[in-house]
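All of the numbers you see were taken from the coordinates with simple rules; none came from a lab. On a predicted model such as this, the values are computed, not experimentally measured, just so you know. Cβ coordinates were reconstructed from backbone atoms using ideal geometry, including for glycine residues, and neighbour counts include every protein chain displayed.
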Amino acid sequence: MAEESIERKTFFKKIGGNNSNEGAEMTFVEHLEVLRWHLVRSAIVLVIVAVVVFVFIDWVFDNVVFAPADENFITYKALCRFGHWLHLGDSLCMPPVKIELLGNTVSGPFMSALNISFIGAIIIAFPYLLWELWRFVKPALTKKEIKYAQNSFWWVSVCFFTGAAFGYFLLAPFTFNFLANFQLGKLGVYKYLPTLDDYIDTLTSLILGCGLAFEMPVIVYVLSKLGIITPKFLKTYRKFAYVIILFVAAVITPSPDWTSQTIVATPLIILYEISLMLSKKVAKERAKEEAQWE
């Protein structure tokens, strides 16, 4: 333990050691300089990807951004066919979605295009941004921590894109379908005309929220490897975790209907149970390693 502590301090002094100062102790200003270049490279990549998205913004908006609100979206057709395959009739066929976006500012379309380009750049460049973060943090870790963490790098991106796809292809259609077909009162005096910014913000919160929420197994795996989280801890606080999951589902889903919240909460609960199983596996591996050392 003492050797590991010394090793940790040595690595921490060399954080950002992938430059010319590698192997030497660095001052606080040198740490900031290393961090600055990581941020600069990340910003350059984000700008390049955002420019590419902006060049094709019309196609992106028609075929990606506004697609979940289109009645011909792939999810609507797939669920309807799945319901027919199960001989459930049209029970899984959601009613047609008709959303007309309202613009109330002169600069609205242009600012929305910039917003779409920037958010799209974050999603597309997520693996690179994660890699830059890893390069900065890696020298501060011990060899044991590096071994555990670097194997999880690929899974972090996989979980993020899986969650983003879940939010885009499944949760977003349910949300927009519910909101578009919800009527307030029986007189029909209320006309549903959401703004363009409101639609984009809703879609963004669904995609990014689900993408981050799906990181749970990777986070638990790494923390279990480091001995910070144990299976006993996850079992003890399972009830509280379920309550938090329901709260997160309510926050991620802009629509207040129980259907959308259940769609979000169910995979999160499954992810929690998967995290528990991974933690148990890690605990067994740690126990074997300790037994071998004894």
Which order do peptides 124-132, 40-48 fall in by mean Cβ count within 10 Å, highest first? 124-132, 40-48
Sorted on mean Cβ neighbours within 10 Å (highest first), peptides 217-223, 57-63 come out as 217-223, 57-63
Under the classification rounded if a/c is under 1.5, otherwise prolate if a/b is larger than b/c and oblate if not, where does the range 155-282 fall, given a ≥ b ≥ c as square roots of the Cα gyration tensor eigenvalues? prolate
Residue exposure sequence - K98, K280 - by fewest surrounding Cβ within 10 Å: K98, K280
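Taking a 22 Å limit on the Cα-Cα distance, which of the listed pairs K225/K284; K144/K235; K144/K288; K77/K191 fall beyond it?
Long pairs (Cα-Cα over 22 Å): K144/K235; K77/K191.
Assign unit charges at the C-beta atoms only (+1 for Lys and Arg, -1 for Asp and Glu), then state the dipole size of the range 34-89 relative to its Cα centre in Debye, rounded to the nearest 20. If you can, show how the numbers build up before the last one.
On the way: 4 positive and 4 negative charges, 72 e Å.
About 340 debye.
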